[in-house]
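Chemist: Structure below; questions to follow.
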Amino acid sequence: MWSKCPTLRDMVLGGAGGVCQKINPIPKGIIMENNVSFRPFNTHIDITEALKTLRHATDGADDGELFLERRRSEAVVFEDGRVKNASYDAAEGFGLRAVKGDVTGYAHSTDVSEAALRRAAETARLAVGDGGGTWAAPPAGTNVRLYTDKNPIAGAEFTAKLDTLNEIDAFARALDPQVVQVSATLTASYQEIEILRPEGTQTRDARPMVRLTISIIVENANGRRESGTAGGGGRIELPPLMARTHWETIAREALRIAQVNLRAESAPAGVMDVALGPGWPGILLHEAVGHGLEGDFNRKKQSAFAGLIGQRVAAAGVTVCDDGTLPDRRGSITVDDEGTPSHKTTLIEDGVLVGYMQDRQSARLMGVAPTGNGRRQSHAHAPMTRMTNTYMLGGKTDPHDIVADVKDGIYAVGFGGGQVDITNGKFVFSCTEAYRVQNGVVGAPVKGATLIGDGPTALQHIRAIGNDMALDPGMGNCGKNGQWVPVGVGQPTLLIGGLTVGGSAT
């Protein structure tokens, strides 16, 4: 499930890489050093005792680790000319996992102590039973740095943040007399993790995350109100988001979307051709295709794409990747939450299914290599296969020619969210900005449009791929099995034939 709504839970998520070296007293250990201030083995637990306890918990298992985390987050919401909400949160804890076959034992605690760790070990060990597992090789090390390791919360004074939000409010209201409400939200978080494995591998990462969101409501003379939202961010520091040249552009875009919706007509309904704009509409790819290509769903044969490696699953020219290595992007991770360095993984190449995203457990059970997609919301959650930045590569067609090829359909450039049934790939999406297209001419904007279909069929019905591939601005979150993580999406302009459009026009 996809969301781009700014919520406080997003701030428990945080992303910086580091340098690999040996660490004592752990034999053959690898440490990612990047000025991380979180040092649980210096301040909370003796590392020798922690390793002893971890080895007891995983003796006879196939895999396992001790995941330690500290996170800090801040959010300031400015609405109607005043601070509506300001919050700060700090938390830390650990999760201990033992894996044997397809069974996982997991225990977590906010008490980072040797006593709590011993109790957790006895719980996690229940998954091991009588043992007999074959221990998996540890993740490889990396020297890559994908983002800064600086804490973005400390990157600007709180008064400066308030001043910026106040300026945004005043600027947005002055743009148009129809503006009746402005909401601006500035969030920042910093997650520091350390992963200890039984063979002595030790990995650290520091993950910043920032986002600015502006929502504007406009009202016409007849009392009709509509809204528009814009924003973005990533694994960067706060000052670039607080620059006036940056937020003025976001405010104007939020107003533009609101004004488009204010004059929108009811959407038509029926089966028709749909042109999708670049960037944001990649959430359709994320939902309809991405989840179905996650390794855990495929090893359990729950996905519509299970068992189809090497077969054509999309139109010629369709190439889809999941890439956690893009610098500073919201969905990027230097290492995943199992310690595996992130990868660029090709999933579909020229229409042929060539791979799945994998965490360590699914990769081992499927006999393939992990792809750096083992992610978790926090220390209180066991890792599972998750997307990072999922996108379709661009083609050769001019996007203007793609839209001109639509005889009777819609052109959708903005989405508010969607969801999918993994077993059959059926999806539904709500459009936040879409237009009626007839005989290749873009007409009036439409409201209330939803796109309904299934991923495998939609992939086969892609008729044109634009040369304008773009990534989203950095606002998305993905939900799976109750866990939320930050992700990115992207695609070029596409033409898909025969999608069902839900609307209310008669």
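Chemist: Provide the FRET efficiency to the nearest 0.05 for the residue 424-residue 504 pair, computing r from the beta carbons and using R0 = 22 Å.
Modeler: E between residue 424 and residue 504, to the nearest 0.05, is 0.25.
Chemist: Distance between the C-alpha centers of segment 373-443 and segment 79-97? Whole Å please.
Modeler: 30
Chemist: Quick one: the Cα spread of the chain along its three principal axes, in angstroms, biggest first?
Modeler: Over the chain, Cα extents along the principal axes are 70, 57, 33 Å.
Chemist: Still on this structure, I have one more. Kindly work out what percent of the DSSP beta bridges joining two residues of the chain are antiparallel, to the nearest 5.
Modeler: Roughly 90 percent of the DSSP beta bridges within the chain come out antiparallel.
Chemist: Using per-residue counts of other Cβ atoms within 10 Å, averaged over each peptide, order 376-386, 43-53 from highest down.
Modeler: Per-residue mean Cβ counts within 10 Å order the peptides as 376-386, 43-53.
Chemist: Subtracting the Cα-Cα distance from 0.36 nm times the residue separation, let me have the gained length for residue 408 to residue 225 in nm, one decimal. Write out the running numbers ahead of the final one.
Modeler: Working: separation 183, 0.36 × 183 = 65.88 nm, distance 2.86 nm.
Residue separation times 0.36 nm, minus the Cα-Cα distance, leaves 63.0 nm.
Chemist: Then there's this: Please identify the trypsin sites (Lys or Arg not before Pro) of segment 258-347 that satisfy two criteria: DSSP loop assignment and at most 13 other Cβ atoms within 10 Å. Which are they?
Modeler: Filter output for segment 258-347: 263, 300, 301.
Chemist: Moving on to the next point. Less than 17 Å from a label point 7 Å out along the Cα-to-Cβ axis of residue 452: which backbone N atoms in segment 473-506 qualify, by residue?
Modeler: What the label zone holds, given the 17 Å backbone N cut-off, is 498-506.
Chemist: Report the gain in length on full extension from residue 309 to residue 80: 0.36 nm times residue separation, minus Cα-Cα distance, nm rounded to one decimal.
Modeler: On the way: separation 229, 0.36 × 229 = 82.44 nm, distance 5.33 nm.
Full-extension gain reported as 77.1 nm.
Chemist: Placing unit charges on C-beta atoms (Lys and Arg positive, Asp and Glu negative, everything else neutral), compute the dipole magnitude of the chain about its Cα centre in debye, rounded to 20.
Modeler: On the way: 51 positive and 57 negative charges, 64 e Å.
With Lys and Arg at +1 and Asp and Glu at -1, about 300 debye.
Chemist: Treating cross-link reach as a plain straight distance, find the aspartates and glutamates whose alpha-carbon is under 18 Å from the alpha-carbon of residue 426, omitting any fewer than eight places away in the same chain.
Modeler: 273, 287, 294, 454
Chemist: Can you compute 3J(HN,Hα) from phi for each residue in segment 328-342, using the Karplus curve 6.51 cos²θ - 1.76 cosθ + 1.60 with θ = phi - 60°, rounded to whole Hz and x for Gly and Pro?
Modeler: Rounded to whole hertz, the list is 6, 7, 4, x, 7, 9, 5, 10, 7, 7, 10, x, 7, x, 5.
Chemist: With every protein chain left in place, what is the accessible area per residue of the chain in square angstrom, probe 1.4 Å?
Modeler: Heavy-atom SASA per residue in the chain reads 37 Å².
Chemist: Students often check this: by mean Cβ neighbours within 10 Å, which of 236-242, 222-228, 141-147, 274-280 ranks highest, and how do the rest follow?
Modeler: Averaged packing, sorted descending, gives the order 274-280, 236-242, 141-147, 222-228.
Chemist: Give the cross-link partners of residue 300 among the aspartates and glutamates, using a straight C-alpha distance below 18 Å as the criterion and excluding same-chain residues fewer than 8 apart.
Modeler: Candidates past the 8-residue exclusion: 102, 359, 421.
The values are calculated or read from the model by the stated rules, or taken from the named source; none is laboratory data. Here the structure is a predicted model, which is why all the values come from computation and not from measurement. Cβ sites come from the backbone with ideal geometry, for glycine too, and all protein chains shown count toward neighbours. Quick note on the areas: whole protein, heavy atoms, side chains included, nothing else; ligands and nucleic acids left out. Shrake-Rupley method; radii C 1.70, N 1.55, O 1.52, S 1.80 Å.
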